[in-house]
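Chemist: Got a structure for you, questions after.
The values are calculated or read from the model by the stated rules, or taken from the named source; none is laboratory data. Since the model is a prediction, treat every value here as computed from it, not as a measurement. No Cβ is skipped: glycine too gets one built from the backbone with ideal geometry, and neighbour counts run over all protein chains shown. Please note that ligands, DNA and RNA were not included when accessible areas were found on the heavy atoms of the full protein model with its side chains. Shrake-Rupley method; radii C 1.70, N 1.55, O 1.52, S 1.80 Å.
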Amino acid sequence: MVDAKLYTLVEVAELLSVNVATVRTWCISGKLRGVKLPGGDWRVRKEALDEMLREGETSVEDSPQAPGSG
């Protein structure tokens, strides 16, 4: 069995060029399927990220802007 790639929220944010707060919001809302660890950190499986990208769920209108970027 091959271990699935797990991304941190920072890694997902860097891959998608969005703020980490945006990725956290997506996980909390269920837009991006993630796993919340006991310490409060999140992890996102590569498959969940791929699924969200296929469905086109990363539109700018859905993403809160980073502080000071507007």
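Chemist: Collect the residues in segment 24-50 that are of a type in the set (S, T, Y) and closer than 15 Å to V10 by Cβ, keeping them in residue-number order.
Modeler: T25
Chemist: Same structure, new question: Can you confirm whether M1 is at pLDDT below 95 and assigned to a helix (DSSP H, G or I)?
Modeler: When the stated conditions are applied, M1 does not pass them.
Chemist: Then there's this: Can you tell me which of V44, V20 is modelled with pLDDT of 95 or more, surrounded by fewer than 17 Cβ atoms within 10 Å (Cβ to Cβ), of a type in the set (V, I, T) and within 11 Å of the chain's Cα centre (by Cα)?
Modeler: The match here is V20.
Chemist: Quick check on segment 1-17: of everything there that is open to solvent by less than 50 Å² (accessible area, probe 1.4 Å) and in contact (Cβ under 8 Å) with a residue 40 or more places away in the chain, which residue is nearest to E47 (Cα to Cα)?
Modeler: A4
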